[in-house]
Amino acid sequence: MFNLRNLLFALACVLISSHASADYRTYVIRPAINDNPILEGEALPVECRDETVMSIMCARGEYEPASFLVETDEPLKQVMVQPGPLKSVAGELPADTVDVRIAQRITCAVAYAQKVMPWVLLHDPGLLTVVNRTPQWVLDLKEVRPAPGAVLSLEKYREGFSTITEVNREFVDPAKLQPADIADFCQFWITVHIPENAAAGTYHSTVTITPDNAPATTLKLTVTVPSFDLLPPPFEYSVYYPTMLDHEDLSAGQREKYNAVTDEQYLAECRNMVAHGCTNPCIYEGPKQDEAGNIQFTQLSRILDMREQAGMPKGVMLYLFDGAGMVIKEGKLTDQQEQRNIEVAQATVAWARARGYTGALFMGADEYSGDRLRAMRESYASIRAGGSGIWVANQGDYLDIVGDLLDRPILAHPGALIVDHHQQWQVHPRETLLHRQQMVTWDPEMFLTPNMQRVIKGTHEYGHKIFSYFDPQGGAKVPQLHRRHRGLGLWKTGLDGTMTWAYVHIWTPTIRYGDQHLKDHGVVGGSSAFVLRGPKGPVDTLGWEGYREGFDDARYLATLLDAIAKAKAAGKHPRLVARTERWLGDVTVNVDLDEWRLEMAHRTEALLKP
């Protein structure tokens, strides 16, 4: 009888233990950079694969992502993810080679409303919380003004704003992953950063998922380090950076509009840009003048000191605002205005070159077109007469109006303008995320249309470079398209670089815990910004990771082209050279990007063999 009681008690303990142990599943997300978000209440996208191995290729010095999903039927408590050491026959890589973060769900701007989706990459899963509450600005609305032809009632519009993302403490992310409670699913984000001195080869590791109330699960991580080092990309990587360093000369309006930041924030953001391949953002400052009219570069020097400290290189063109009494306006200039423009342009270019840069350009009239753009010719010509030039965003009609005077046109993607002005008001945000084929998107092929190609080639005929803009905006929820445009897309369309809007959006303050505006409106993954701005530094998003992947695609391309050139010069591998050149010519802008990169790596290694 005693033994029977013990047996029944043991059986009950097993049943209780079994009931308390949450049931969960893991999926490898492949490719990690994709445009299909994981949404609450929706089927998992095809990128969530029933696999246990995450395999990536990562060159020395490169950052490369992998991702996996944990999905559970019962709440998981204090889930921790721990990567093991990366080992190969050549040795072991340092522990900080592998970083793990959570793709945190937040309220995101999608079409004309908001949806909750994984977007922000954090080590601290408790930093943000999504709650059911309508933001104050929506409650304050009296009417909705959609695009012409769109019909959207105030009631219908408000339905799309039912959540708000709250900040639970100071918006500073710790350096290492913290445990997370998982109610239904959680996407984890792995970033591998291979040291510059790592040996080539294949490295293996484990990634262990350990909940407090369920058994541990182990995934495998395989990292292939190729034998070659990546070369710099053949394109220029910039971004709109509407930010000013805080200083006493700023007005209150400038501080608010241009997101005035501390030196600590500015340096952290520059370092973050460098780590993502963005090495030459525009500068929302220009030369100053003192009371006597002398041209001063104190503030610009302060900015360049910080950029250079962060690792941004010299030897590039600077993209500045005007200043020091310059007049860039519609219509005629007085003789005095024209002369001042020439003097400031000459002085600024001389200062930039003395500092080690190729020169400096000034921002023109933003997004002007037609007659208004034509009215800028005299101002633009005066800047050119001073040995400088103009950089500015436009919508594509500049070539026949100021093509001879515009040194760096930033060409807006035509699909982005259609979405922004019209179609986003007519497709439900859920349908936008689940059925992207219904939307006119930012496909690079739209830069291959005859008119866009005439603009791009015409710019080159004037001896100027041309960058892309709105391809898409930084906050657009399409990480894979961010990648496609900023590597393969730049190459195939003939563009020279990228400068989209924006690293952070204009009028967006630093996220500060306890701020009343933040309490009323919450944190939003907006449509324009690549990162969220914290008081100590930025927090990345999936879109910003897509930008970096495009940059790396371009580096693999540059390395392959260099290998072809070296093989030709040495008279080696002639058949492989010919086949590789034909293969590159046949690549389209819509090729599978992971397969394209892997093939480039294989051909590079073959061409570099003795």
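Observations
- Subset of segment 560-610 (residues that are outside any helix (DSSP H, G or I) and touching a Pro at 6+ places or on another chain (Cβ under 6 Å)): 589
- Residue 227 out of contact with any helix residue (DSSP H, G or I) (no Cβ under 7 Å at 6 or more places or on another chain) and in contact (Cβ under 8 Å) with a residue 12 or more places away in the chain: no
- Complete set of residues in segment 348-391 that are on the phi > 0 side of the Ramachandran plot and either acidic (Asp, Glu) or not in a loop (DSSP other than H, G, I, E, B) (or both): 359, 367, 370
- Odd one out for residue 323, checked against (1) touching an Asp or Glu at 6+ places or on another chain (Cβ under 9 Å); (2) crowded, with 20+ Cβ neighbours inside 10 Å: (2)
- With respect to the conditions (1) crowded, with 21+ Cβ neighbours inside 10 Å; (2) at pLDDT 95 or above; (3) in the same structural domain as residue 412 (by TED's automatic domain parsing), residue 219 lacks only one, and its number is (3).
- Annotation: residue 251 fulfils all but one of (1) farther than 30 Å from residue 553 by Cβ; (2) hydroxyl-bearing (Ser, Thr, Tyr); (3) touching a residue at least 40 places away in the same chain (Cβ under 8 Å); the unmet one is (3).
- Residue among 378, 291 that alone is more than 23 Å from residue 267 (Cα to Cα) and at pLDDT below 95: 291
- Only residues that are touching a Lys or Arg at 6+ places or on another chain (Cβ under 9 Å) and surrounded by fewer than 16 Cβ atoms within 10 Å (Cβ to Cβ) were counted in segment 495-534, giving 2.
The values are calculated or read from the model by the stated rules, or taken from the named source; none is laboratory data. Given the structure is predicted, the values throughout are model-derived calculations rather than measurements. Here Cβ is always computed from backbone atoms with ideal geometry, including for glycine, and neighbour counts include all displayed protein chains.
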